[in-house]
Amino acid sequence: MAPEEVAEYALSLPEVTEHDPSRTMQFYKTGGKIFAVLTPATATRPDEVALKCDPGLALHLREQYRAVRPGRYGSSHLWNTVILDGTVPDEELTDMIDHSWHRTVDQLPNAHRDRLRALRPGRTAGPGH
């Protein structure tokens, strides 16, 4: 997926807002909490997206794909950084984005969480499952 496609997909999820505080990365939030950080390529780094992830699943994805690495932002056992080099299938990447959104929603206060879950039912065990 190209960075523009990642952004478009993230913004298609319920009540997602985009923030560009530094012009070097875009934050995607739901319920005021970050679930994705999109960082455009520089001369020394390719396009990448950081996503929240269940720790066990994070390790599995890192073993499965070379482009999935410990998170650059936040806790490295709770976040994965995915290099957007085309080696992770689009469907897998959208599953990872969904999983990150759901993990973020799970941490919101009950009323907000329940309302968002109703807007996006069908939570699965995570990408690749």
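If you go through the stretch 82-96 one residue at a time, how many are of a type in the set (A, V, I, L, M) and either in a loop (DSSP other than H, G, I, E, B) or surrounded by fewer than 18 Cβ atoms within 10 Å (Cβ to Cβ) (or both)? Walk me through how you get there before you give the answer.
Filtering the stretch 82-96 for residues of a type in the set (A, V, I, L, M) gives 82-84, 88, 93, 96.
Within this subset, residues satisfying the condition of being either in a loop (DSSP other than H, G, I, E, B) or surrounded by fewer than 18 Cβ atoms within 10 Å (Cβ to Cβ) (or both) are 84, 88.
Number satisfying all stated conditions: 2.
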- Only one residue in Asp95, Asp47, Asp90 is over 21 Å from Ala118 (Cα atoms) and free of Cβ contacts under 8 Å to residues at least 60 places away in the same chain. Which one? Asp47
- Task: For residues that are open to solvent by 60 Å² or more (accessible area, probe 1.4 Å) and part of a helix (DSSP H, G or I), scanning just the stretch 102-119, find the one that is nearest to Leu57 (Cα to Cα).
- Result: Arg117
- In the stretch 70-81, is there at least one residue being at pLDDT 90 or above, touching a His at 6+ places or on another chain (Cβ under 8 Å), open to solvent by 60 Å² or more (accessible area, probe 1.4 Å) and not β-branched (Val, Ile, Thr)? yes
- Message: With the requirement that a residue be over 19 Å from Arg120 (Cβ atoms), among the hydroxyl-bearing types (Ser, Thr, Tyr) and open to solvent by less than 60 Å² (accessible area, probe 1.4 Å), what does the stretch 23-55 give you?
- Response: Thr39
- Query: With the stretch 1-68 as the region, which strands (runs of 3 or more DSSP E) entirely inside it contain at least 3 residues that are under 17 Å from Val88 (Cβ atoms)?
  - Reply: 33-39, 48-52
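The values are calculated or read from the model by the stated rules, or taken from the named source; none is laboratory data. Computed from a predicted model, the values in this text were never measured in an experiment. Cβ coordinates were reconstructed from backbone atoms using ideal geometry, including for glycine residues, and neighbour counts include every protein chain displayed. Only protein heavy atoms, including side chains, enter the accessible area calculation; ligands, DNA and RNA are left aside. Shrake-Rupley method; radii C 1.70, N 1.55, O 1.52, S 1.80 Å.
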